[in-house]
1. Which value, in Å², gives the accessible area per residue of region 111-199 when a 1.4 Å probe is used on the protein heavy atoms?
2. Report the full-extension gain for the segment residue 171 to residue 129: residue separation times 0.36 nm, less the Cα-Cα distance, to one decimal in nm.
3. Quick check: the distance between the Cα centres of region 160-196 and region 64-90, to the nearest angstrom?
4. Taking the convex hull of the alpha carbon atoms in region 125-170, what volume per residue do you get, in Å³?
5. Round to the nearest 0.05 the FRET efficiency obtained for residue 215 and residue 52 when R0 = 30 Å and r is the Cβ-Cβ distance.
6. Mind jotting down a quarter of the surface of the convex hull over the alpha carbons of region 129-200, in square nanometres, one decimal?
7. Provide the net charge surrounding residue 136, with neighbours chosen by a C-beta distance below 11 Å and charges set as Lys +1, Arg +1, Asp -1, Glu -1.
8. So how far apart, in nm, are the two label points at residue 223 and residue 43 if each is 7 Å from Cα heading toward Cβ?
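The values are calculated or read from the model by the stated rules, or taken from the named source; none is laboratory data. It should be emphasised that the depicted structure is a prediction, and the values quoted were computed from it without experimental measurement. Methodologically, a virtual Cβ is constructed for each residue, glycine included, from the backbone with ideal geometry; neighbour enumeration extends over all protein chains shown. Accessible surface areas use protein heavy atoms only, side chains included; no ligands, DNA or RNA. Shrake-Rupley method; radii C 1.70, N 1.55, O 1.52, S 1.80 Å.
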Amino acid sequence: MKGIVSLRVIVPALTSLLLLNNNASAQQTQSSTQAASSSALEVVTVTAERKTENEQSVPIAITALEGSTLQRDAVVSAQDLAQRVPSFTFSDFAPGESILSIRGVSSTDDGAGTESSVAEFMDDVYIGRMSNQAFDLYDLQRIEVLRGPQSTLYGRGATGGVVSVIAAKPELDAAGADLEATYGNYDYTEVKGMVNVPIVTDQLGLRIAGDWVHHSGFTHNLYNNSHI
């Protein structure tokens, strides 16, 4: 952008020979300006350092996904999140024992009650057990993934990094609601809902969100003729 501004200042002082190319230079400048405008980065506000700032200004290796992006890309679980965040992986070591890994740093302890090298927070509340880290992602304001060792800024040091999940805040200017339902094979049923109610305009509001999932078993139990 500075090069374009300098060009416009210098051109009037050039010789008459160079002025013959003025129209071509102007067209190139206009094309460059339009290209710069179309490729402008979207401003994403994060709180990785406990203060509101532009993601591009944070001196941390961070990936932030806003709620609109999560909804558009159908990011509803940690598996989906891992497909969109560089150097972040998720795997189920066993039922109830999730393994979060950032830059290859993780914990492989075979116990649901152990802590992970990657710390996960929900609205600044630390989720201390691996068995609780694979919750459904719904009605969120954004997710911030901080890569690399983190200090106690969030209340707990983390060797691999931090996954910070921020729920959507109540909207104080208008009421709203949302309902989603899904049905699939083996009686897979999922219902998601959200209700937003402003109580005192610009001062107080209430937002309630919930997610219910049911899935029948896919193994036929011949003893009692049921699916487990």
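1. Computed with neighbouring chains in place, this is 48 Å² per residue.
2. Computed gain between residue 171 and residue 129 is 12.0 nm.
3. Comparing the Cα centres of region 160-196 and region 64-90, I get a distance of 14 Å.
4. Looking at region 125-170, the number lands at 87 Å³ per residue.
5. Taking R0 as 30 Å, the efficiency between residue 215 and residue 52 is 0.15.
6. Dividing the Cα hull surface by four gives the mean projection, 7.8 nm².
7. Result for the local shell: -3.
8. Modelled inter-label distance: 6.3 nm.
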